[in-house]
Amino acid sequence: MVTRTPLTTASVIAEAAALADESGFEAVTLSAVARRLGVRTPSLYSHVRDREALLDGIGALALSELVARIAEVVAGRAGRAALEGYATVYRTYARERPGRWQSLQRRAGEAVVRSDAAREVVALTAAVLRGYPVPAAEHVHAVRLLGSTINGYLALERIGSFDHSTPSPEVSWRKTVEVLDVLLRAWPAESGKDTTAP
């Protein structure tokens, strides 16, 4: 007799995350997850509101997994060592958990944005930035720089944009992290008020 794992929000999201990694984030639907779990689609509505909630659940799971990895590599490190560890975590995660990484490349819902994991990622990123002369008031700009550079590189690498030229993507990755380190070390003085504000 086959014993079926009881359905919970966590088990449904975990199965959705596994599907995303195996078949791509776009393959995640309530019906596809229900088939994998051996249940009818309506059975999932007691645990996830709709597909958007399911996708947000994968994003929250991905953030929580990243938190554990980032915390481990930045502990006791500062400056370039912390930055390299931080960036490498994202790259390794994108390779090992491609669907979960993709879940972080969409506009997140409030549940993800306000999650404990999201706050912890912000705190860990701030810890990395404390190793550089970046004023606290400028951290938002530095976070956007890191996020756009790292995730942009990983997105292009994922679709093979660097496969047809030399040097290898590995060489360019190391150079990218090196340049980010230089930029953070040479961060300009606080620019003052946001001139776009009314």
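Here are a few things to note about the model shown:
- Output for region 110-134, where each listed residue is of a type outside the set (D, E, K, R), within 21 Å of D56 (Cα to Cα) and surrounded by fewer than 17 Cβ atoms within 10 Å (Cβ to Cβ): A111, V113, V122, A123
- Put simply, of T176, T149 the only residue that is among the polar types (S, T, N, Q), out of contact with any Gly (no Cβ under 7 Å at 6 or more places or on another chain) and within 19 Å of A78 (Cα to Cα) is T176.
- A count restricted to region 91-113 and to residues that are within 14 Å of A16 (Cβ to Cβ) and among the small types (G, A, S) stands at 2.
- The conditions of being assigned to a helix (DSSP H, G or I), within 21 Å of V67 (Cβ to Cβ), of a type in the set (S, T, N, Q) and at pLDDT 95 or above are met by T149.
- Selection within region 15-52 - more than 22 Å from the chain's Cα centre (by Cα) and of a type in the set (S, T, Y): S31, T41, S43, Y45, S46
- Screening A137 against (1) loosely packed, with under 14 Cβ neighbours inside 10 Å; (2) in a helix (DSSP H, G or I); (3) modelled with pLDDT of 95 or more leaves a single unmet condition, (3).
- Yes/no for A78 being under 23 Å from V143 (Cα atoms), touching a residue at least 12 places away in the same chain (Cβ under 8 Å), hydrophobic (A, V, I, L, M, F, W, C) and loosely packed, with under 14 Cβ neighbours inside 10 Å: yes
- Residue under evaluation L44, criteria (1) under 27 Å from A127 (Cα atoms); (2) buried (at least 21 other Cβ atoms within 10 Å of the Cβ), criterion not met: (1)
The values are calculated or read from the model by the stated rules, or taken from the named source; none is laboratory data. As the structure is a prediction and not an experimental result, all values here were calculated from the model. A quick note on method: Cβ atoms are made from the backbone with ideal geometry, for glycine too, and the neighbour counts reach across all protein chains shown.
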